[in-house]
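Below: one structure, written as structure tokens.
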Amino acid sequence: MTKFKAFHVEKENDSVSHSIIERSLDDLPAGDVVIRVKYSSVNYKDALSAKGLPGVTRQYPHTPGIDAAGVVIESNQTAFSEGDEVIVIGFDLGMNTPGGYGEFIRVPASWVTPLPDGMLLRESMVIGTAGFTAALCIEKLEQMGASPDDGPVIVSGATGGVGSVAVALLAQSGYEVVASSGKSDKESYLKSIGAANIIDRQVLADENPRPMLAANYAQGVDTVGGTTLSNIVKSLQYGGSVSICGLVASANFKTTVLPFILRGVNILGIDSVELPIASKNKIWDRLANDWRISSLDTMAIEVGLDGISAAVESIFDGQVAGRTLVVHDA
Ligand SMILES: NC(=O)c1ccc[n+]([C@@H]2O[C@H](COP(=O)([O-])OP(=O)(O)OC[C@H]3O[C@@H](n4cnc5c(N)ncnc54)[C@H](OP(=O)(O)O)[C@@H]3O)[C@@H](O)[C@H]2O)c1
């Protein structure tokens, strides 16, 4: 029987502990496709699950990892065969289904994306849910007619996983990117991935009683929520849009109707989790082709299963810049 290693989170009342345990395929839930996971990554949501915080994982013990890329070992569906390289992100993976921090997963075929031609498994997980979500944010701005000629695009939480990929993708698509960041020591990193200008995170975080502000930005990608989002909405140019995907500062934000009825601005909601697989596959194809990101290598650090706990702490300390790749040595 195949035995494998998995990062294991136990929760007793408010106390959470991490360990690396041995599991077998029989411990995995029923499903169509068994995948030997080569790479996963550490996202904000993984950090919530690993810390036992509410909103992601209901039942512990648990193996997090909302991202996985690897090789099919078994499939009861003709769409996948042994040896196929595949990606799984979102749906219930790593939430209440054992995730990519185990060396094997078993999932429904409807969650599985064939690795697109031209993309390596490792690259897919440097992108991961965070980068995929950045791509969704930009696709939705494009659907609203965004163009590099319109003017600067603001990205909040710019050194984070979503933020970094958003900065890089926008910049290589020709947009002038203004990166909002709390990390003054990461200016050269942000410039290296394409930011034209950097503003201190506090500029957008301070509450401003005015219903509208100078129209500094043609578009926005917001990962932060709260006052930052309120201020971005107030600062959009006529007809501009902001894609919103995150809540690292707050799930709430205040606004009046004025930016909407006087400047015709738009708020675009982004969800990477339940996005149907056909739409997911199209985004992965773009990321392998016209959206191939040239600066991926500069964005990632690597950890093994024994490095996940520290990576989770770094997320909550706000210390992460770019993406953290989890590499299985199986
Ligand atoms: N909707 C979806 O489908 C979806 C998918 C993926 C992620 N998300 C959400 O998107 C958000 C970002 O995810 P991520 O993986 O990019 O997280 P991350 O890597 O931890 O990055 C978050 C970044 O936000 C900034 N930040 C941290 N604390 C902050 C605070 N209190 N106020 C303002 N900014 C703060 C930091 O960047 P700076 O230091 O540069 O400011 C940090 O690096 C999370 O809320 C996550 O749940 C949603």
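Rule-based calculations on the coordinates, nothing more; no lab input. What you see is a predicted model; the values in this text were computed from it and never measured. Backbone-built Cβ (ideal geometry, glycine too); neighbour counts: all protein chains shown.
Entry for the stretch 130-269 at q = 0.10, 0.19 Å⁻¹: log10 I(q)/I(0) = -0.26, -1.03, Debye formula applied to identical alpha-carbon scatterers, no solvent contribution.
Tilt of helix 161-172 relative to the longest C-alpha principal axis of the chain, in degrees (0 to 90, nearest 10)? Value to nearest ten degrees: 60. The 3J(HN,Hα) values that the Karplus relation (6.51, -1.76, 1.60; θ = phi - 60°) gives for the stretch 263-280 are, in residue order, 10, x, 7, 9, 10, 10, x, 10, 10, 8, 7, 9, 3, x, 4, 5, 6, 4 Hz. Gly and Pro appear as x.
Taking 7 Å steps out from each Cα toward its Cβ at K254 and E12 produces label points 4.4 nm apart.
Based on Cα contacts under 8 Å between residues 6+ apart, the chain shows a relative contact order of 18 percent.
For the pair S147 and A278, a Förster radius of 30 Å applied to the C-beta separation gives a FRET efficiency near 0.65, rounded to the nearest 0.05.
Across the stretch 130-269, Cα pairs under 8 Å and at least six residues apart give a relative contact order of 23 percent. Annotation: peptides 70-79, 33-42, ranked by per-residue average of other Cβ atoms within 10 Å with the highest first, follow the order 33-42, 70-79.
For the stretch 213-264, taking the reciprocal of the average inverse distance between every pair of different Cα atoms yields a Kirkwood hydrodynamic radius of 10.8 Å.
With a simple spin-label model that places each label point 7 Å from the Cα along the Cα-to-Cβ direction, the separation between D117 and D329 comes to 3.6 nm.
Taking 0.36 nm per residue of separation and subtracting the current Cα-Cα distance, fully stretching the chain between E82 and A196 would add 36.5 nm. Helix 121-143 and the long axis of the chain differ in direction by around 30°, with both axes built from C-alpha atoms.
Applying 1/(1 + (r/R0)^6) with r as the Cβ-Cβ distance of N208 and S19 and R0 = 51 angstrom yields a FRET efficiency of 0.60. Each of Y101, G264, A179 was scored by the projection of its Cα onto the charge dipole of the chain, and the greatest displacement toward the positive side belongs to G264; charges sit on the C-beta of Lys, Arg, Asp and Glu. Multiplying the residue separation of I301 and N96 by 0.36 nm and subtracting their alpha-carbon distance yields 71.2 nm.
For the chain, the normalised intensity computed at q = 0.08, 0.11, 0.14 Å⁻¹ comes to -0.36, -0.68, -1.05 (log10 of I(q)/I(0), Debye sum over alpha carbons, equal scatterers, no solvent).
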